[in-house]
Amino acid sequence: MDSHRYRVGQSVHYTSNVLRRFGATGNFQIVKLLPPEGDELQYRIKSASEPHERVAKESQLDIDEMAEADNLILPQRL
């Protein structure tokens with residue numbers, strides 16, 4: 001089994017399962033790495049706009065590129 005692609009504290013974009021009518025999508029933060037369900041790794045995720053946490057499969061997550069760009073450290077000019 002491969003290791004988790006995302007790390008605790010990382011910002012990700014979550015897309016709910018297409019079978020769920022009212023599932024949430026948007027930006028979430030990885031709260032905990034969970035064991036796999038079948039062949040797929042899972043994560044506990046949290047949105048700042050919701051009081052509860054969710055469990056998401058790795059296939060439902062993508063890197064939040066805007067948050068990653070904000071975390072880049074630019075080299076200092078000499």
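Computed from the coordinates by the stated procedures, all read-outs in this text should not be read as laboratory data. These figures come from a predicted structure and were not determined experimentally.
Here are a few things to note about the model shown:
- On full extension, the segment bounded by Met66 and Thr15 gains 16.7 nm, given 0.36 nm per residue less the C-alpha separation.
- The phi torsions of the range 28-38, fed into the Karplus equation with coefficients 6.51, -1.76 and 1.60 and a -60° offset, translate into couplings of 9, 10, 6, 9, 7, 8, 10, x, x, 10, x Hz, rounded to whole numbers, with Gly and Pro shown as x.
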